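Pasting a structure below so you can have a look.
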Amino acid sequence: MTTEERSGRPRVVVGVDGSAPALDAVRWAAEDAVRHGLPLRLVHACATPPLRHHRSTAVASDSLDLLIDRGRQFLREAVAFAVHVCPGLETEQDLRVGQPAEVLLDAAAGARMLVTGSRGLGGFRDLLLGSVSSAVSDHATCPVVVVRSPALGGPPRWDGPVVVGVDGTPASEAAVAVAFEEASLRGAVLVAVHTWSDVAFSGMWMTLPLIVDWDVVAAEEAHLLDERMAGWQEKYPDVEVRRVVRRDRPVRALLDVAQDAALLVVGSRGHHDYAGLGLGSTSRALLHSACCPVAVVRPHH
Ligand SMILES: Nc1ncnc2c1ncn2[C@@H]1O[C@H](COP(=O)(O)OP(=O)(O)OP(=O)(O)O)[C@@H](O)[C@H]1O
Ligand SMILES: [Mg+2]
């Protein structure tokens with residue numbers, strides 16, 4: 001049983017590596033935690049550098065001490081920032097030695113949410129998603145929020161709509177649950193996006209209108225979205241829901257609708273639920289390209 005389960009109060013957990021994107025993640029996580037009335041756990045993993053490929057080479061203990069001191073400093077700065085952004089926030093610091101993704105996954109067991117920056121201190125300038133964020137969004141059992149700040153700079157906006165991708169699968173049902181909760185908490189509009197084909201409609205597919213009545217299909221798909229939202233709207237009557245139904249690829253539609261979003265929420269997998277695979281292609285593409293924070297939610301989290 002985790003600490004969270006014992007105390008009955010889950011944490012919001014955020015990964016801190018001393019980088020500016022991680023501080024954006026801390027700001028997002030602090031605001032989310034304070035609105036939920038939950039503590040924020042700030043975690044730093046001291047990873048000893050791999051000195052040689054394929055062999056473990058111990059680092060001198062003095063070097064490890066230096067890394068630990070540096071990690072403590074990162075955590076102190078991040079806590080000060082979180083409390084500055086959200087006075088009264090309850091915080092915990094958690095410093096562990098180990099590989100960052102493994103440490104974060106372990107620290108987030110039973111958490112309400114695990115939050116990371118889209119990038120960290122790492123080397124390759126043009127990467128859109130760092131390896132730690134990528135690994136935790138592949139493997140975490142709790143929802144993961146990867147915080148990407150707007151391309152024009154400044155922190156992610158808090159007051160935009162919450163956008164959710166709905167495809168009717170169990171993972172998207174779990175995403176809808178998180179999206180309603182977040183929209184209700186923020187007093188935000190919830191935009192539910194349902195697209196009903198990821199086939200590229202070009203070339204020979206353009207002959208299909210001869211045999212398919214797209215208006216009928218569109219009406220059926222709109223009805224499906226209504227059905228998916230009905231129970232949730234009863235549970236959250238305060239949340240204003242807007243529906244978007246398109247014959248489009250989900251990635252393109254979601255990127256388009258989420259341009260001004262405060263949060264984009266998607267399930268970890270869609271219809272192609274091959275056992276053993278990590279994220280579906282839509283979720284993965286959105287993590288790489290959305291210019292707002294993205295939440296990835298697993299079914300039955
Ligand atoms: N050592 C760490 N301890 C805690 N959280 C971390 C650590 N490293 C990364 N993170 C979290 O993951 C986020 C993304 O960092 P990540 O390491 O994935 O990107 P990167 O450093 O740009 O790329 P890479 O490390 O793959 O070269 C950070 O903003 C932070 O939230
Ligand atoms: Mg890194």
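The values are calculated or read from the model by the stated rules, or taken from the named source; none is laboratory data. Since we're looking at a predicted model, the values are computed, not measured. Cβ coordinates were reconstructed from backbone atoms using ideal geometry, including for glycine residues, and neighbour counts include every protein chain displayed.
If you scan the stretch 117-139, which residues turn out to be more than 10 Å from ligand 2 (Cβ to nearest atom) and either assigned to a helix (DSSP H, G or I) or within 21 Å of R27 (Cα to Cα) (or both)?
Residues satisfying the conditions are S118, L128, L129, S134, A135, V136, S137, D138, H139.
Yes/no matrix, rows are residues, columns are (1) at pLDDT 95 or above; (2) of a type outside the set (A, V, I, L, M, F, W, C); (3) more than 12 Å from the chain's Cα centre (by Cα); (4) within 16 Å of S283 (Cα to Cα):
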residue	(1), (2), (3), (4)
G88	no, yes, yes, no
A101	yes, no, yes, no
A109	no, no, yes, no
M113	yes, no, no, no
L127	no, no, yes, no
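Name the pairs whose Cβ atoms lie under 6 Å apart, with the first residue in the stretch 145-173 and closer than 14 Å to V26 by Cα and at pLDDT 85 or above, the second β-branched (V, I, T) and within 16 Å of ligand 2 (Cβ to nearest atom), and 6 or more positions between them or separate chains?
Sorted first by the residue in the stretch 145-173, then by its partner, the pairs are V145/V115; V146/T116.
Would you pick out the residues in the stretch 175-188 that are among the small types (G, A, S) and either buried (at least 20 other Cβ atoms within 10 Å of the Cβ) or closer than 16 Å to A30 by Cα (or both)?
Correct list: A175, A179, A183, A188.
Regarding E5, is this residue at pLDDT 95 or above and surrounded by fewer than 19 Cβ atoms within 10 Å (Cβ to Cβ)?
In short, no.
Is it true that some residue in the stretch 267-284 is touching a helix residue (DSSP H, G or I) at 6+ places or on another chain (Cβ under 7 Å), under 16 Å from A179 (Cα atoms) and modelled with pLDDT of 95 or more?
no
For the subset of the stretch 120-171 comprising residues that are within 16 Å of ligand 1 (Cβ to nearest atom) and hydroxyl-bearing (S, T, Y), which member is surrounded by the fewest Cβ atoms within 10 Å (Cβ to Cβ)?
S131
Return yes or no: is G123 at pLDDT below 95 and at positive phi? Spell out how you get there, then give the answer.
Numbers: at pLDDT below 95: yes; at positive phi: no.
In short, no.
Regarding A45, is this residue of a type in the set (A, V, I, L, M) and modelled with pLDDT under 95?
So A45 fails the test.
Same structure, new question: Could you tell me how many of the residues in the stretch 219-259 are in a helix (DSSP H, G or I), among the acidic types (D, E) and modelled with pLDDT of 90 or more?
Selection size over the stretch 219-259: 2.
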